[in-house]
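Student: Structure provided below as structure tokens; questions to follow.
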Amino acid sequence: ETVHYRRPPLADGDTHYVHLRAVDGAGLTTDETLHLGPFRIDTTPPGNIRGFAAYGVEPPSTPPLPSSGEVPLDLNKWLTSPQMTLAWQVSTDSGSGVAVYEITRVRPETGEQQTFRINAGAPSQWTPAGLSDGAWGFRIRAGDNAGNWGGYSDLTLKIDTTVPTPVLNSPSHPNSER
């Protein structure tokens, strides 16, 4: 026979144990007790990502990313190189600890999305590959060891690597090659 026991929700962040003994209809109990635990309750998501930025080889506006010498990119301008590193400040989680960062790359023109996961023990940076000309969106969030997810931080950038071809129009030489 299966017996279900329901109790009020356990407190978040506390450590809990379960102790089981069987009791029959006559009130006889087993000599042994099954001890399970500790169980730690964590229903709190990690903190939101802060400092989410793109670093690369465009002209600098602030100090470089310490590990590579790359500088923060001005995302209000079209970027002339698809080579970059996305970096962020490490998220915090007072419960089970941050386990993973999830980055979603979105191509607004097509709706194409790709999701990448980075272990929290790795450096808090990622280098996207395969970026072609056009707009790109990136979303990042932290997940903890209990499966809770923090809120998203977003950034959008535009890439244009195509060099324009100059056109010369001259009223005095309309058909001139030079």
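Student: Less than 17 Å from a label point 7 Å out along the Cα-to-Cβ axis of T104: which backbone N atoms in the stretch 116-146 qualify, by residue?
Tutor: 116-118, 136-144
Student: Which FRET efficiency value, to the nearest 0.05, is calculated for F39 and S94 with the Förster distance at 25 angstrom and r the Cβ-Cβ distance?
Tutor: Values: r = 17 Å, r/R0 = 0.68.
Taking R0 as 25 Å, the efficiency between F39 and S94 is 0.90.
Student: If the only charges are +1 at each Lys and Arg Cβ and -1 at each Asp and Glu Cβ, what is the size of the charge dipole of the chain around the Cα centre, to the nearest 20 debye? The partial results should precede the final answer.
Tutor: Values: 13 positive and 19 negative charges, 78 e Å.
With only Lys, Arg, Asp and Glu charged at Cβ, the dipole is about 380 debye.
Student: Same structure again: Within the accessible area of the chain, what % is carbon and sulfur when the probe is 1.4 Å and the other protein chains stay in place? Display every interim value, and only then the final one.
Tutor: Working: 6380 of 12210 Å².
In the chain, the share of accessible area belonging to carbon and sulfur is 52 percent.
Student: Between S132 and H4, how many nm apart are label points set 7 Å from Cα along the C-beta direction?
Tutor: 5.4 nm
Student: Could you tell me which of P171, L20, L10 has its Cα farthest along the dipole of the chain towards the positive end, charges placed at Cβ (Lys, Arg +1; Asp, Glu -1), taken about the Cα centre?
Tutor: Towards the positive end, the residue furthest out is P171.
Student: Read phi for every residue in the stretch 111-127 and hand back ³J(HN,Hα) as whole Hz from Karplus 6.51 cos²θ - 1.76 cosθ + 1.60, θ = phi - 60°, with x for Gly and Pro.
Tutor: The phi angles translate into x, 4, 10, 9, 10, 10, 10, 10, 4, 5, x, 7, x, 7, 7, 8, 10 Hz.
Student: Something else about it: Counting Lys and Arg as +1 and Asp and Glu as -1, each charge on the Cβ, what is the dipole of the stretch 70-133 about the Cα centre in debye, to the nearest 20?
Tutor: Numbers: 4 positive and 7 negative charges, 15 e Å.
It comes to approximately 80 debye.
Student: Just the number please: accessible area per residue for the chain, 1.4 Å probe, all protein chains included, in Å².
Tutor: Working: 12210 Å² over 178 residues.
For the chain, the solvent-accessible area averages 69 Å² per residue.
The values are calculated or read from the model by the stated rules, or taken from the named source; none is laboratory data. Note that the structure is a prediction, hence the values are computed from the model and not measured. Note: ideal-geometry Cβ built from the backbone for every residue, glycine included; neighbour counts use all protein chains shown. Just the protein is used for accessible areas: all its heavy atoms, side chains included, with ligands, DNA and RNA removed. Shrake-Rupley method; radii C 1.70, N 1.55, O 1.52, S 1.80 Å.
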